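The values are calculated or read from the model by the stated rules, or taken from the named source; none is laboratory data. Fair warning: this is a prediction, and the values are worked out from it, not measured in the lab. A quick note on method: Cβ atoms are made from the backbone with ideal geometry, for glycine too, and the neighbour counts reach across all protein chains shown. Just the protein is used for accessible areas: all its heavy atoms, side chains included, with ligands, DNA and RNA removed. Shrake-Rupley method; radii C 1.70, N 1.55, O 1.52, S 1.80 Å.
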Amino acid sequence: MNSTKLSLSTVIIIAVVGVVLVAGGFLISSATPQLLPAQASAESIQVDELVRILLIIGGAIFLLVQGMLAFSVWRFRAKSGDSSDGLHIHGNTTLEIVWTAIPAVIVVVLAVLSWQVWNQLQTPKENEVVVHVDGRRFNWAFTYDAPINLMPEQIDVNSLPENVKVDVQDDGSLTITSPELHTYIGQSVLLQMKPQDVIHALWIPAFRIKQDLIPGRETSIRFTAVEVPGETYPAEYPVRCAELCGANHGLMVSKVIVHKDEASFISDWLVPMMDKVIHPPTDPVLAGQAILTSGVYPCPTCHVETNLGWSPASPVGPSLNGVGDRAAGGRSTATGLSAKDYIYQSVHEPAAFVVPGFQPLMPQLNIPECQALAIVAYLCTQTDSGTPACTVDDYAAKCGSSAPAAEATSEATAEATSGITSEATVEATSVPASEATVEATSAPAEAATQEATAEATSGS
Ligand code: CUA
């Protein structure tokens, strides 16, 4: 070891060993992908390529270290009867320089490659759609803005019930919330994420993406689903929480569903979802039940509710079986609120009254008013006798479609004059009357219908 001169035979041995190690690294790297989930996104291919390089280098180093160990154990083992100390060797400058320089070069190369992949993942893609992600103990909610004109039927926004109108945005899109993430092959998606309580991490193994959700901040991550050979569509892949966030962290699972193409994404999922939002049950009890069973809110991971089939392993919230009785009885006495107000308060502002024996763990879900009222109506009916402990009598007035005609008209006029409808008006006036009506009604702002019709008629 003390000689710095290398004989030809040593050089040949080093070269042969080097080739064997690199070949071994390649072998290890090509066997390992069998253990990984499907490559279901463009990002997964880039990330796996980086992992492959890591495995080639790591595999070669593994074989070198283990090989040296095995060789030394065999070659330098003590002969029988030899109890003397081993040779005392102190340092070898050449060797130390070599085994410092080589890892340094490897680390720099890997840092540059990783940086390139990270940069590519972060680059905004063309025609990317934004999906908002809410993470809270213990479920995921994915919110989409869906153009309302995708509906096969004509939707007159003004005639929609109040509880639906709140989901219609200024640009005529409808807000859809789903407990599962839906996309289609080739669609580039930007996930904008916020937690409603503690730190969570969205992890989609098949997409090779993982990103923390941090309180007080909005974090984001991108993906583009790609076709997986041999897969049947729609394909499902798991979505998990990768940050320990409480007792039922393990229940914080969902799915990403990849549709074959945009057409099936719209017809098989988006339109049926929009239909559910546009036509909610008029009975508040049924509407509440539909909301609770939709999976949009995380209630089933913390509360027992036998009628809805909820039975979490560790219920960290009070049981909702017979909650109407307790709201009208002991809880009403303790808080001085009526059963309805008590339940409303508990849904609307969970930390206001915490049931004795429980922790204030329920996130502030910011449930829209009409949804909250419907949930209250349903929970009022959860009594032993089956007779509701309370009712939400003002649901129809606040949330139903029976808004007074005068109010509806003034609202329509306000919208029409706000400029949203100018496009529809122009179109309507530039074509024959009969067509104008059709065009105008298909425009995003339904208020335009009246105006356009009026103008078209007077103009011809
Ligand atoms: Cu959220 Cu773990």
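Of these, I28, I61, I56, I14, which one is in a helix (DSSP H, G or I) and either closer than 23 Å to W118 by Cβ or within 31 Å of the chain's Cα centre (by Cα) (or both)?
Values: I28 fails: either closer than 23 Å to W118 by Cβ or within 31 Å of the chain's Cα centre (by Cα) (or both); I61 fails: either closer than 23 Å to W118 by Cβ or within 31 Å of the chain's Cα centre (by Cα) (or both); I14 fails: either closer than 23 Å to W118 by Cβ or within 31 Å of the chain's Cα centre (by Cα) (or both).
The conditions single out I56.
Do you know which residues across segment 192-210 are within 15 Å of the ligand (Cβ to nearest atom), open to solvent by less than 40 Å² (accessible area, probe 1.4 Å) and part of a strand (DSSP E or B)? Those that are within 15 Å of the ligand (Cβ to nearest atom), open to solvent by less than 40 Å² (accessible area, probe 1.4 Å) and part of a strand (DSSP E or B): M193, P195, H200, A201, L202, I204. Exactly one residue out of A328, A334 is at pLDDT below 80, among the small types (G, A, S), buried (at least 17 other Cβ atoms within 10 Å of the Cβ) and farther than 19 Å from Q371 by Cα, and it is A328.
Among residues of segment 228-254 being within 14 Å of the chain's Cα centre (by Cα) and more than 16 Å from the ligand (Cβ to nearest atom), the one that is least open to solvent (accessible area, probe 1.4 Å) is Y237. Restricting segment 152-191 to residues that are in contact (Cβ under 8 Å) with a residue 40 or more places away in the chain and of a type in the set (D, E) leaves a set whose member that is farthest from the ligand (Cβ to nearest atom) is D156. Checking the structure you have, find out if any residue of segment 92-112 is free of Cβ contacts under 8 Å to residues at least 40 places away in the same chain, more than 16 Å from the ligand (Cβ to nearest atom) and part of a loop (DSSP other than H, G, I, E, B). Within segment 92-112 (the criterion being free of Cβ contacts under 8 Å to residues at least 40 places away in the same chain, more than 16 Å from the ligand (Cβ to nearest atom) and part of a loop (DSSP other than H, G, I, E, B)), the answer is no, since none of the residues qualifies. Pick from segment 45-91 the residues that are farther than 30 Å from P33 by Cα and of a type in the set (A, V, I, L, M): which of them is most open to solvent (accessible area, probe 1.4 Å)? Per the criteria, the residue is L87.
Pick out the one residue from L365, L379 that is open to solvent by less than 70 Å² (accessible area, probe 1.4 Å) and not in a helix (DSSP H, G or I).
None of the others qualify; the one that does is L365.
Regarding segment 314-323, can at least one residue be identified that is under 20 Å from T177 (Cα atoms) and either of a type in the set (A, V, I, L, M, F, W, C) or surrounded by 18 or more Cβ atoms within 10 Å (Cβ to Cβ) (or both)? Taking every residue of segment 314-323 in turn, none turns out to be under 20 Å from T177 (Cα atoms) and either of a type in the set (A, V, I, L, M, F, W, C) or surrounded by 18 or more Cβ atoms within 10 Å (Cβ to Cβ) (or both). Every condition in (1) modelled with pLDDT of 90 or more; (2) of a type outside the set (G, A, S); (3) surrounded by fewer than 19 Cβ atoms within 10 Å (Cβ to Cβ); (4) away from the ligand (no atom under 16 Å from the Cβ) is met by V258 except one, and the failing one is (3).
A count restricted to segment 108-156 and to residues that are exposed (fewer than 11 other Cβ atoms within 10 Å of the Cβ) and either among the β-branched types (V, I, T) or over 22 Å from S41 (Cβ atoms) (or both) stands at 6. Within segment 281-295, one or more residues are buried (at least 18 other Cβ atoms within 10 Å of the Cβ), modelled with pLDDT of 80 or more and farther than 18 Å from P388 by Cα.
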